[in-house]
Amino acid sequence: MTGSDIGLIGLAVMGENLVLNMESKGFSVSVFNRTVSKVDSFVKGRGAGKKITGCHDLKEFAASLHKPRKAMIMVKAGGAVDETIEQLLEVFESGDIIIDGGNSNYQDTIRRTSYVESKGLLYIGTGVSGGEEGALTGPSIMPGGSPAAWPLVKPVFQAISAKVGSGGESSPCCDWVGENGAGHFVKMVHNGIEYGDMQLICETYDIMKRLLGLSYEEMGNIFEEWNKSELDSYLIEITRDILRYKDADGGPLAEKILDTAGQKGTGKWTGIAALEAGVPLTLIGEAVWARCLSAAKDERVRASAVFAGPKVEIPCDKKMFVDDLRKALYAAKIVSYAQGYLLMREAAKEHKWNLNYGGIALMWRGGCIIRSSFLGKIKEAYDKNPGLENLLLDPFFADVIKNAEASWRRVSAAALTNGVPAPALTSGLSYFDGFRSERLPANLLQAQRDYFGAHTYERTDKKRGEFFHTNWTGKGGTTSASTYTV
């Protein structure tokens, strides 16, 4: 067999690092970039002396790959992906595989899978998480698309992915997710959970700083201790490092960073998907809105001069309150993941994906931004009960919530009373309270809808599925919907 094992198009840092990762695992790689000079500089620089073939056009690129060809696209999501697909279709043949490794919208991936398959080729849309470092040393990889393509790319993807395990046994943080857009959907939910995790940590930091008056060094020490607990995770670890990092003048660098957050859209896509599916993704939604609010810096500065806010009352027992914060953060984190998994379950029903929820948790255990020891408990929960309706109903997580509930309420109350914004922490608690309520005030809401729009309602003293309408002005009484035309 002659030719490279796989090709990659798009030599930004992520693309370069994936190529070097592939080559280090024994695979030969062909590379192409729209700006051809980038190809030469990479091959002669970071790729010098390695099994990497630089190509100056896509015809040469196709000829350099052994069949069936495998090409991974690492270009900006959107039109650039469609353009590259069209160019590859001109030089590839039936049975060849096109792989999109960017952060594409899963709906685009559904469309592209169908289109590429109609041309006789195979398509994979895969999430790749872990940033630039993960791409080089081992990312989390979430492939979906044409099932027939998976056996052909599996050896490469599982070789370059992160590995988790102990006792001489390790599992790759990569496995087949499902057909068409499943891989990119799971990556989207991953990113939404990432938004939630980061916002929860930021709120916890803000409460420590504004309510407890802790120094950056003290906060860094707390996060170090937390990273030895059930909160052990990549994001807690880097938060420790960030809080301890000193600027040139010896002060904390984080304090000098402008408080306006950016976003690339995957969190927003997660929220939109949840709204379309009718899934209460409240915590992740609040994390997205918090970034939007942070961007309104000038307005917030003007508002701060108008509204002073309440006088802050520092808790008398700081050590006990820090422990409350740890428990509240953990409980809210569980809610965030529970909501994300609910969204994946609804999407699986709609698109007929057979998602392995425990396997998804395993894929997230290493390499990715949300990697944490906590994910092992999620895998255990779904291994024990693949049909688990909600993560909060798993015995382990139910016990965690019960044990953390009082702390969670104290933290939320303190934040609200003292005017410290904590939208993710408090919305998570509100979701939990709604989820555990046998009866919600939606009965009044349904009456309102029926009053102004004749939308009908069901009754507690009748069987489900039978609807009624009332003339709320007092004329006509209540009528079964079966005899009433809306």
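Quick rundown of the values:
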{"quantity": "Contour excess over end-to-end distance, with Cα ends at Asp298 and Ile238 and 0.36 nm allotted per residue", "calculated": "18.7 nm"}
{"quantity": "Difference of contour (0.36 nm per residue) and Cα-Cα distance, Glu132 to Ile272", "calculated": "47.7 nm"}
{"quantity": "Cα-based convex hull, the stretch 381-442, per residue volume (Å³, whole number)", "calculated": "109"}
{"quantity": "Trp150 accessible area, 1.4 Å probe, all protein chains in place, Å² to nearest 10", "calculated": "30"}
{"quantity": "The chain: proportion of alpha-carbon pairs further apart than 35 angstrom, %", "calculated": "43"}
{"quantity": "In nm, spacing of pseudo-spin labels at Phe396 and His351 (7 Å Cα→C-beta vector)", "calculated": "2.7"}
{"quantity": "Loop-resident sites, the stretch 110-175, for GluC sites (Glu not before Pro), counting at most 14 other Cβ within 10 Å (DSSP)", "calculated": "Glu169"}
{"quantity": "FRET E, pair Arg409, Glu313, Förster distance 22 Å, beta-carbon r, rounded to 0.05", "calculated": "0.85"}
{"quantity": "Carbon + sulfur, % of accessible area of the stretch 56-117 - ligands and nucleic acids excluded, 1.4 Å", "calculated": "48"}
{"quantity": "Peptides ranked, highest mean first, by Cβ atoms within 10 Å: ranges 391-399, 23-31, 447-455", "calculated": "23-31, 391-399, 447-455"}
{"quantity": "Value of relative contact order over the chain, rounded to a whole percent, pairs C-alpha under 8 Å and six or more apart", "calculated": "12"}
{"quantity": "Nearest-10 value in Å² for the accessible area of Phe468, using the 1.4 Å probe", "calculated": "20"}
{"quantity": "Residue (of Tyr234, Gly271, Leu200) at the positive-pole extreme of the stretch 167-302, dipole from beta-carbon charges", "calculated": "Gly271"}
{"quantity": "Crossing angle, helix 13-24 versus the chain [Cα axis fit, 0-90 degrees, rounded to tens]", "calculated": "60"}
{"quantity": "Mean shadow area of the stretch 243-391 over all directions, Cα convex hull, nm²", "calculated": "13.2"}
{"quantity": "Value of Rg/Rh across the stretch 85-162 [Cα atoms, Kirkwood radius]", "calculated": "0.98"}
{"quantity": "Beta bridges by DSSP in the chain, antiparallel share as percent, to the nearest 5", "calculated": "40"}
{"quantity": "In Hz, Karplus ³J(HN,Hα) per residue of the stretch 236-249 (6.51, -1.76, 1.60; θ = phi - 60°; x = Gly, Pro)", "calculated": "5, 4, 6, 5, 3, 5, 5, 5, 8, 6, 9, 7, 4, 7"}
{"quantity": "Nonlocal amide H pairs with Ser4, under 5 Å, H built at 1.01 Å", "calculated": "Leu65, His66"}
{"quantity": "Loop-located trypsin sites (Lys or Arg not before Pro) in the stretch 312-407 whose Cβ has at most 15 other Cβ within 10 Å (DSSP)", "calculated": "Lys352"}
{"quantity": "For the stretch 360-486: rounded, prolate or oblate by the Cα gyration tensor [a/c cutoff 1.5]", "calculated": "prolate"}
{"quantity": "Highest to lowest packing among 247-257, 83-93, scored as the average C-beta count within 10 Å", "calculated": "83-93, 247-257"}
{"quantity": "Gap separating the Cα centres of the stretch 233-256 and the stretch 181-229, nearest whole Å", "calculated": "13"}
{"quantity": "Computed FRET value (nearest 0.05) for Asp249 with Glu218, which takes r as the C-beta separation and R₀ as 25 Å", "calculated": "0.80"}
{"quantity": "Cα centroid of the stretch 264-295 to Cα centroid of the stretch 412-430, whole Å", "calculated": "18"}
{"quantity": "Whole-Å distance, taken between Cα centres, linking the stretch 368-403 and the stretch 35-94", "calculated": "41"}
{"quantity": "Positive-end residue of Val36, Ala48, Leu11, charge dipole of the stretch 1-57 with Cβ unit charges", "calculated": "Ala48"}
{"quantity": "Charge dipole (the chain, unit charges on Cβ, about Cα centre) - positive-most of Ala80, Gly453, Tyr431", "calculated": "Gly453"}
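The values are calculated or read from the model by the stated rules, or taken from the named source; none is laboratory data. Keep in mind that what you see is a predicted model, and the values were worked out from it rather than measured. Ideal geometry is used to build each Cβ from the backbone, glycine not excepted, and the neighbour counts take in all protein chains shown. Ligands, DNA and RNA are stripped out before the accessible areas are found, and what is left, the full protein with its side chains, is counted by its heavy atoms. Shrake-Rupley method; radii C 1.70, N 1.55, O 1.52, S 1.80 Å.
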